[in-house]
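The values are calculated or read from the model by the stated rules, or taken from the named source; none is laboratory data. Values in this document were obtained by computation on a predicted structure and should not be read as measured data. All Cβ positions, glycine included, derive from the backbone under ideal geometry; neighbour counts span all protein chains shown. Note: areas computed on protein heavy atoms with side chains; ligands, DNA, RNA excluded. Shrake-Rupley method; radii C 1.70, N 1.55, O 1.52, S 1.80 Å.
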Amino acid sequence: APLSRVIGVGNYATNDSYYIMLGTRLYLMEDYWRILAAVGYINYNFQAFQTFEDVDGGQAGVYETPYTTKGSLFAFALQRRVFENFYLGIGGFMMRSDVIVTLPDGSEVVEPNNINSLSVPISYDTRNSIYNPSDGLFVDGRFSMIPEWLDNDNDFIKTMLYVNHYKKLGDHKILASRFAMKANFGDVPFASQDYIGQTDLRGYTQGEYRGNQT
């Protein structure tokens with residue numbers, strides 16, 4: 001089985017973003033059970049690109065819009081191997097935060113962003129190593145419900161699918177390919193939209209491509 005981990009992480013960036021997280025990823029009974037849990041606090045400064053009207057004397061346009069997300073979160077996932085290399089389970093996510101949006105005229109709007117979700121995580125894993133793969137396939141999918149009866153302000157569904165493939169080409173060469181998809185349906189709030197960036201695509205201002213489906 002892969003080695004289990006307990007991790008504590010803290011980070012501070014020069015744009016005054018910071019977070020602190022404590023988490024664990026457990027592989028039990030020779031990888032028969034997989035457990036993930038995390039708790040943390042974030043103060044995250046970012047930006048989106050939104051269209052505004054009647055700005056600067058009536059000039060409409062797309063403006064870079066800074067916003068800050070402040071709050072605490074908790075996440076967990078429990079998966080069981082149902083047959084060789086295939087895992088199925090249940091998970092959840094809870095976040096209590098405020099999103100502070102700075103408008104083009106300098107004023108601020110505070111939007112509560114409280115999310116409680118239940119999810120079904122599904123994965124298929126043939127990697128030869130969890131932490132340093134050089135061969136195999138890893139399919140990671142999740143279907144999450146954020147219903148009003150879980151004390152949410154918005155009722156919507158989040159889906160996610162990642163497919164990573166690794167092939168060793170030589171002693172020091174590995175070809176890695178990746179497919180990433182996120183799709184949200186229903187009354188999706190701004191803070192729960194997805195954006196393209198981070199590990200999946202670089203070379204442009206993050207937050208430029210944002211929406212319910214990526």
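Brief remarks on what is shown
- Ala183 sits among other residues whose Cβ lies under 13 Å from its own Cβ, and their net charge, with Lys and Arg +1 and Asp and Glu -1, is +2.
- Residue order for Val139, Val120 - accessible surface, 1.4 angstrom probe, largest first: Val120, Val139
- Between Leu150 and Gln193, the FRET efficiency from the beta-carbon distance, with R0 = 22 Å, is close to 0.65.
- Dipole magnitude (debye, nearest 20) for the chain, charges at Cβ of Lys, Arg, Asp, Glu: 1320 debye
- Residue among Tyr162, Tyr87, Tyr131 with the largest mean-square fluctuation in a Gaussian network model of the chain, springs linking Cα atoms under 10 Å: Tyr131
- Summing charges over neighbours of Thr214, with a neighbour being any other residue whose Cβ is under 11 Å away from its Cβ, gives 0 when K and R count +1 and D and E count -1.
- Highest-MSF residue in the chain out of Gly186, Gly40, Gly91 [GNM, Cα springs under 10 Å]: Gly186
- Cross-link reach list, aspartates and glutamates versus Lys182, counting only Cα pairs under 14 Å and skipping chain neighbours closer than eight places: Asp140, Asp194, Asp200
- Residue among Asn45, Pro2, Tyr18 farthest towards the positive dipole end of the stretch 1-57, charges placed on Cβ: Pro2
- About its Cα centre, the stretch 149-214 has a charge dipole of approximately 620 debye under the convention of +1 per Lys or Arg Cβ and -1 per Asp or Glu Cβ, with nothing else charged.
- A simple spin-label model places the labels of Phe52 and Val39 3.9 nm from each other, with each point 7 Å out along Cα-to-Cβ.
- The stretch 68-194 - percent of accessible surface contributed by carbon and sulfur, probe 1.4 Å: 57 percent
- Within a Gaussian network of the chain (alpha carbon springs, distance under 10 Å), most fluctuating of Ala180, Ala60, Ala37: Ala60
- Formal net charge of residues neighbouring Ile100 (Cβ-Cβ distance under 14 Å; K, R +1; D, E -1): -3
- Computed from point charges on the beta carbon alone (+1 for Lys and Arg, -1 for Asp and Glu), the dipole magnitude for the stretch 1-127 about its Cα centre is near 1000 Debye.
- Cα shape, the stretch 46-202, gyration tensor, a/c 1.5 rule: oblate
- Stretchable slack from Asn212 to Lys167, in nm (0.36 nm times residue separation minus alpha-carbon distance): 13.0 nm
- Cross-link partners of Lys70 among lysines, defined as those whose alpha carbon lies under 22 angstrom from its own and excluding same-chain residues fewer than eight positions apart: Lys158.
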